[in-house]
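What follows is a short report on a single structure.
The values are calculated or read from the model by the stated rules, or taken from the named source; none is laboratory data. Here the structure is a predicted model, which is why all the values come from computation and not from measurement. Note that each Cβ is placed from the backbone with ideal geometry, even for glycine, and that neighbours are counted across all protein chains shown.
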């Protein structure tokens, strides 16, 4: 599962719920998830999705193996303007030691141990609220970071990732998320809250 698939899955659910209202007499084609606007900033990508969401944009970095060209890690950090907080999803390969977790390390910052939340056929995932101090520390670090992991065989590994463009990508993502949050339609005054299914 790619990092964007977490959001894409939620978007697909919204489209499925809206399907009956959009259908007419003609058979409808399967709805594709909306595509994000993507901008590259250094070695990071800023993606903004054309939907209403508390966190409509994220910054994304993926690293592939030079030998196999398969993904070995990906990092997504989204920003929710209303709460002024960040949500991070880190994807790592299988055959890792789940109890050891992950530690982010840069030239000037070391995170606490981050714990895996779920694993599937695509890999293992850390999903967490990332405090603003951690994002700020990563913005001031550089030019590279490392994800320290343990493997099933008992060995420890460091997976390097680039921080080139991290600070600028973060600024772009926050600015875009705030614009989208301001332009999102607001509920009418006195309107009843939507019922939950």
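Before moving on, here are some points about what is shown:
- Within region 95-107, being assigned to a loop (DSSP other than H, G, I, E, B) and either at pLDDT 95 or above or surrounded by 12 or more Cβ atoms within 10 Å (Cβ to Cβ) (or both) holds for 97, 101, 106, 107.
- Residue 158 being exposed (fewer than 15 other Cβ atoms within 10 Å of the Cβ), at pLDDT below 95, outside any strand (DSSP E or B) and over 18 Å from the mean Cα position of the chain (by Cα): no
- Within region 88-109, if we keep just the residues that are free of Cβ contacts under 8 Å to residues at least 40 places away in the same chain and touching a helix residue (DSSP H, G or I) at 6+ places or on another chain (Cβ under 9 Å), the residue that is farthest from residue 149 (Cα to Cα) turns out to be 108.
- Restricted to region 67-84, and to residues there that are surrounded by 12 or more Cβ atoms within 10 Å (Cβ to Cβ) and out of contact with any strand residue (DSSP E or B) (no Cβ under 6 Å at 6 or more places or on another chain), the residue that is farthest from residue 160 (Cα to Cα) is 81.
- If you check 64, 171, 136 for being under 23 Å from residue 40 (Cα atoms), free of Cβ contacts under 8 Å to residues at least 24 places away in the same chain and in contact with a strand residue (DSSP E or B) (Cβ under 7 Å, 6 or more places away or on another chain), only one passes: 64.
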